[in-house]
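Have a look at this one.
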Amino acid sequence: MKKFLYITDQDEYTDLSFIGALFEKYLSKYFDMNILYFSEFKSDFEKKDDKRFILPKKLKKNLLDELSNNGIDINSYSFIVVRNDIELLKHILKRKIRHKYKVGFRSVFPRRIIKLQEDEASNQKSFFDIIDDKIKTFSETALINECDIFIPSSSYMSEIYFQGVKTKTFVIPPAIDPEVLHDNIQHVEDYKRFFYAGTLDKFRSFETILEAFSQINNNQFRLMISTKDPQYAKEMLSNFENLKNCVEIYNAQNKEELLDLISKADIGLSILPDVALFNCATPVKILDYYSSAVPCIMTNNSNNKELFTDNKEAWFCNFDKDSIKNKLEEIINLSKEEVAQVGINGQNRLLEVRNYEKLAKNFALELNLL
């Protein structure tokens, strides 16, 4: 069995279901997998188990030598894939000829571009930032073209942010694990429970969604919010007095707690502003919702339309107060059975086309053709 090293940009305690499901579980059927994480606190290399390694972050610069010094045979790897980190990719590419492995670059989300667009939204972007971005994009594209395979999280991301990439591309989007599905717990109350998981900031304009909820002229809904910054959520809600008794704020500490909360909801929320950054890939929260067969209201964009059918497997909505209000009222008036059926339809659709087990099989076939 060929050996495969996946170099993450994550620390050892990151709760990242994508890495666990795709690389640890399903790709292990086709390759002898090793996954490298980093630690801010450890001073020495550690073999966590037969698959996972931990390297102190301060030793990243000479990563392959550090692994060799700890008994890892770099020549044994047929494939080395780097996640997001361009500086690490440079290091791996420099040693490619010596060790004869194939190199892949995995781009999950273009972080530098995210920062640039966030600065633009807050009027902090300068002319020099734009020039710097163009230079870095040119340099990154050249490095990716030295790879044997490029692995973006969506075709849209590749087309918009990596137009100059000519190397072989294999898209691996967020997906669901067919072995980790959760029951949708139907509550007895008549009202509909809506759920939002994720970041609350000016860039995502969550106030627009709150404005829409605040204009609904009935109390047949509850809004559950799980965020890493509950205080910010409370401050935002202070501007909507009439929502005070309709909103519950949570701070899920890990994926298990989050999925437990989601399973008690009726409808998930993933409505985001219509900007390229948010349209380039399926938000992970959508996959989390459908893992519990919780149907989702989502942004009306081409990426989501490729995946779901409106009013059958999901609900699409434009990002403005009136559109969101109208869509919420439409769903509130549906029966619980109608809402639940949309969730079941959406989950079945994802099991067909966004399934980690199937993605791993197809990815393995593609790698073995390199």
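The values are calculated or read from the model by the stated rules, or taken from the named source; none is laboratory data. Remember, predicted model here, so these are calculated numbers, not experimental data. Because the Cβ atoms are built from the backbone with ideal geometry, glycine has one as well, and the counts that use them run over all protein chains shown. Keep in mind that these areas ignore ligands, DNA and RNA; they rest on the heavy atoms of the full protein, side chains included. Shrake-Rupley method; radii C 1.70, N 1.55, O 1.52, S 1.80 Å.
For every residue, the table says whether it meets (1) surrounded by fewer than 20 Cβ atoms within 10 Å (Cβ to Cβ); (2) part of a strand (DSSP E or B); (3) at pLDDT 95 or above.
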{"site": "E256", "(1), (2), (3)": "yes, no, no"}
{"site": "G268", "(1), (2), (3)": "no, yes, yes"}
{"site": "K285", "(1), (2), (3)": "no, no, no"}
{"site": "V294", "(1), (2), (3)": "no, no, yes"}
{"site": "K305", "(1), (2), (3)": "yes, no, no"}
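Might you let me know whether the range 57-79 holds any residue that is within 27 Å of E159 (Cβ to Cβ), crowded, with 17+ Cβ neighbours inside 10 Å and either aromatic (F, W, Y) or out of contact with any Phe, Trp or Tyr (no Cβ under 7 Å at 6 or more places or on another chain) (or both)? Let's see the steps before the verdict.
Filtering the range 57-79 down to residues within 27 Å of E159 (Cβ to Cβ) leaves 79.
With the extra rule that they be crowded, with 17+ Cβ neighbours inside 10 Å, the set shrinks to 79.
Restricting the remaining residues to those that are either aromatic (F, W, Y) or out of contact with any Phe, Trp or Tyr (no Cβ under 7 Å at 6 or more places or on another chain) (or both) gives 79.
Yes, because at least one residue in the range 57-79 is within 27 Å of E159 (Cβ to Cβ), crowded, with 17+ Cβ neighbours inside 10 Å and either aromatic (F, W, Y) or out of contact with any Phe, Trp or Tyr (no Cβ under 7 Å at 6 or more places or on another chain) (or both).
From the list I86, I114, which residue is closer than 13 Å to I144 by Cα and either modelled with pLDDT under 95 or open to solvent by 30 Å² or more (accessible area, probe 1.4 Å) (or both)?
Being closer than 13 Å to I144 by Cα and either modelled with pLDDT under 95 or open to solvent by 30 Å² or more (accessible area, probe 1.4 Å) (or both) holds for just one of I86, I114, which is I86.
Would you mention how many residues in the range 44-69 are touching a residue at least 40 places away in the same chain (Cβ under 8 Å) and of a type in the set (G, A, S)?
0
Shifting gears a bit: With respect to K358, determine if the residue is farther than 30 Å from Y101 by Cβ and surrounded by fewer than 22 Cβ atoms within 10 Å (Cβ to Cβ).
Numbers: farther than 30 Å from Y101 by Cβ: no; surrounded by fewer than 22 Cβ atoms within 10 Å (Cβ to Cβ): yes.
Spelling it out, it is not the case that K358 is farther than 30 Å from Y101 by Cβ and surrounded by fewer than 22 Cβ atoms within 10 Å (Cβ to Cβ).
Can F79 be described as touching a strand residue (DSSP E or B) at 6+ places or on another chain (Cβ under 7 Å) and modelled with pLDDT under 95? Give the derivation first.
On the way: touching a strand residue (DSSP E or B) at 6+ places or on another chain (Cβ under 7 Å): yes; modelled with pLDDT under 95: no.
Taking the combined requirement at face value, the residue does not satisfy it.
Just to verify a result, which residue in the range 190-245, among those that are part of a strand (DSSP E or B) and hydroxyl-bearing (S, T, Y), is farthest from T299 (Cα to Cα)?
S226
With (1) over 30 Å from D148 (Cα atoms); (2) in contact with a helix residue (DSSP H, G or I) (Cβ under 9 Å, 6 or more places away or on another chain) as the list, and A340 as the residue in question, which single condition is left unmet?
It is condition (2) that A340 fails.
Residues that are among the small types (G, A, S), at least 1 per element: which strands (runs of 3 or more DSSP E) completely within the range 11-95 meet that? It would help to see each step written out before you state the result.
On the way: elements: 32-39, 52-56, 77-83.
In the range 11-95, the matching strands (runs of 3 or more DSSP E) lie at 32-39, 77-83.
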